[in-house]
1. For residues that are in contact (Cβ under 8 Å) with a residue 24 or more places away in the chain and under 15 Å from LEU188 (Cα atoms), scanning just region 145-162, find the one that is surrounded by the fewest Cβ atoms within 10 Å (Cβ to Cβ).
2. Filter region 618-631 for residues that are surrounded by fewer than 15 Cβ atoms within 10 Å (Cβ to Cβ) and aliphatic (A, V, I, L, M) and give the result.
3. Can you tell which of LEU310, LEU373, LEU379, LEU365 is at pLDDT below 95 and under 15 Å from PHE279 (Cβ atoms)?
4. Specify the residue that is farthest from SER224 (Cα to Cα); the eligible residues are those in region 133-144 that are surrounded by fewer than 22 Cβ atoms within 10 Å (Cβ to Cβ) and either of a type in the set (Val, Ile, Thr) or in contact with a Ser or Thr (Cβ under 6 Å, 6 or more places away or on another chain) (or both).
5. Consider region 610-631. How many of its residues are assigned to a strand (DSSP E or B), among the hydroxyl-bearing types (Ser, Thr, Tyr) and within 18 Å of ASP569 (Cα to Cα)?
6. So which residues in region 78-113 are of a type in the set (A, V, I, L, M, F, W, C) and out of contact with any helix residue (DSSP H, G or I) (no Cβ under 8 Å at 6 or more places or on another chain)?
7. When the residues of region 374-402 are narrowed to those that are without any contact (Cβ under 8 Å) to a residue 60 or more places away in the chain and basic (Lys, Arg), which ends up farthest from ARG350 (Cα to Cα)?
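The values are calculated or read from the model by the stated rules, or taken from the named source; none is laboratory data. Keep in mind that this is a model prediction, so the values were computed, not measured. Here Cβ is always computed from backbone atoms with ideal geometry, including for glycine, and neighbour counts include all displayed protein chains.
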Amino acid sequence: MIKKHLFHMKAKYLQYSNQFNFNIKGGHLRSYKILKPKVLHCRYRKKVFPYYYYTQYKRRRNEKKNEKYKDNDKFKEIVVLLKTLDSVTESEKNSNPYPKLIIPSRIFNEDILINEFDLLTISVMDLLVKYVYPSINSYCKANIILYMKKENDENIIKPLSKTAFPLTTDDGEVLPKFNITNHVNCLLLQLIDFYDDFLITGISINVYFEHNIKQPIPIVDYKSRLEGIYECYYEKSHDDDEKVDVKNLKPKSLRSTKKVYSTHITTLNKYKKTSLKPFMVADTETLLIEDIHVPYAIGVLKVYPGDVPLVENIDSFFSEDYNKEMFPKFEDRSEKMMFDFIFRIKTIARRNKKYKMDIIYFHNLGRFDGLFLIKHLSLHHQDLKIKALIRNYTIYEIAVYSKKRLLFRFRDSLHLLPNDLQSLAKNLCPEYGSKGSVDFSKVTLETISSMKETLISYMKQDIRLLGGIMLKFQNFYFLAYQADILDKLTTPSHALSLFRSWFYNDKKHYIHIPDENTDNYIRRGYYGGHTDAYLPYGKDLYYYDVNSLYPYIMREYPMPGGKPVWHSDFEKMDLDEIFGFIEAYIECPESIKKPFLPYKDPKTGTLIFPTGTFIGVYYSEELKFARQIGYKIIPLNGYIFEKMESPFIGYVNDLFESRSKAKLEGNDSLSFIYKLLMNSLYGRFGINPESTKT
């Protein structure tokens, strides 16, 4: 009855009536009753088994089922870690900005310590298991980014490695998850020495693929998630030949020579800062020698958020304080003064590295102070590397590096606050007094030593005013929009960022970014204002001013939206059916004394407002108005847009109401800033791409 090929057993003796004891080879002594076989159905085949065989079969089946979870303690630990991870996760998303890039990310609802390696490692691997591994169809590599912060300090973004590490072999075969987990853990361990007092607020992973990702990305259920995480901690093979050291794998280059541009303006996430960065302000005074400006005084002031800029805190340098025997020429003393100034800036930036005090503002750096700085740095600081951002012959920023490490940056405050220092001080910080005055006709090489006190006081007052102006602007902007003015170079940049973050919805309003051909065509219809002055002098004249003219137009009138459609022939279309930018044949009667439509000579670039016949590119609504006042218009070709409700309504309304409220409260400073932001946005949409080339 009992098959010998299944179990080798030997009956020792019978005891009692219906019972026997036997020894199972390789097992232990057990006692079984001899019963009639039970009819049991196997999962895979029907067969009659005695009860004993069924228990053995069931045991083997359970062992096979749990074979992958051999380390039950580790499995239980993983389950606990996943529950902890889910409890500290505030939000989780997976974005796919490009066909070859996915960015899974997780934000924590409570700060995670940098030394919680197990939790951080499983957080990274969980994102890979849920969003990345199901998408792998070719070679891919990943770069992990941590969002960290200190107590009472701003957030910082820290990539775990300088380069991305591979998740697959070069031919697309997935590397063992166990090896990837070990590599991630090693990367996290490296942070403890430098960031032990930082807290982790979030994690994201940039994953780059060689080929386009198949859509949609599969959804991973909890069971598959659990199995995937277990594979990250269970080493399937102990063969040294099959082990992979991810650290030593060189990532494959996936760069393409073809640039990818966004097709429309996108909405930005609101980034709310919790603290502001300190900065420096500086100024130079120069003497004209043989029609060349040579600095004779320079000073710098450290400005901390919440503090009051004080004159006594200004570090000043004066050329005539240097030994004339060592530096007999005035130019040599000037260079020595500039050298000491740069050394002082380097010292301040190094000592305040914790606060990232590395930005120094000059008022009119772009066309004055920056010229001396670039010349001096180039000639006398060969160990430093200079990167100057220059557009339209104007300096925006001078970044100074030691090898690849950024030391400090000179910037122009005039690009943030486009007005003279006296007017800005009157609007933003009248409590600091007004700009001083010096009769510069009396300042000569022979008199500067005797005029030192007057000249240094004048310079220090300018520096103090600039510090107070920038501090007020920084504080107002932070209170209103939780952003720092130090994050952008110009006010139009701030205005665009503010619009995209707080007021723009790219789902509701689609603002297309034209390609080069479309841009060149439309730009032919971008002429500028009508500012002719035929009579340069007059008496009893009337002056008209329209309050917030451009913001009013931005709010009240529809805008061209959607993707433009090219039409090569408008012969069968009426002007009233067209909304967009079109090339047209124009005929202006001699009877129109003040012509409305401009014309730019293609050879000389001269702008005129002629009568007679000509061809040009114009906005359709301008042509419709011109037709009303007597022009004859024949549309030829052009780009047709959708007539879209203005996307600027919320932006203009909010700033206009805020400005009106500030004026009622007598807060001229805040009113000035709101006006500046309100009038700085429209020009950003007409910026010439050629002017952005440096």
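1. Among those that are in contact (Cβ under 8 Å) with a residue 24 or more places away in the chain and under 15 Å from LEU188 (Cα atoms), it is LYS158.
2. If the condition is that a residue be surrounded by fewer than 15 Cβ atoms within 10 Å (Cβ to Cβ) and aliphatic (A, V, I, L, M), then ILE629 is the only one that fits.
3. LEU365
4. TYR139
5. Counting residues in region 610-631 that are assigned to a strand (DSSP E or B), among the hydroxyl-bearing types (Ser, Thr, Tyr) and within 18 Å of ASP569 (Cα to Cα) gives 2.
6. Result: VAL80, LEU101, ILE103, ILE107, LEU113.
7. LYS375
Okay, residues lined up against (1) over 30 Å from ILE485 (Cα atoms); (2) outside any strand (DSSP E or B):
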residue	(1), (2)
ASP283	no, no
LEU287	yes, no
HIS293	yes, no
ILE298	no, no
LYS302	no, no
VAL308	no, yes
PHE317	no, no
ASP332	yes, yes
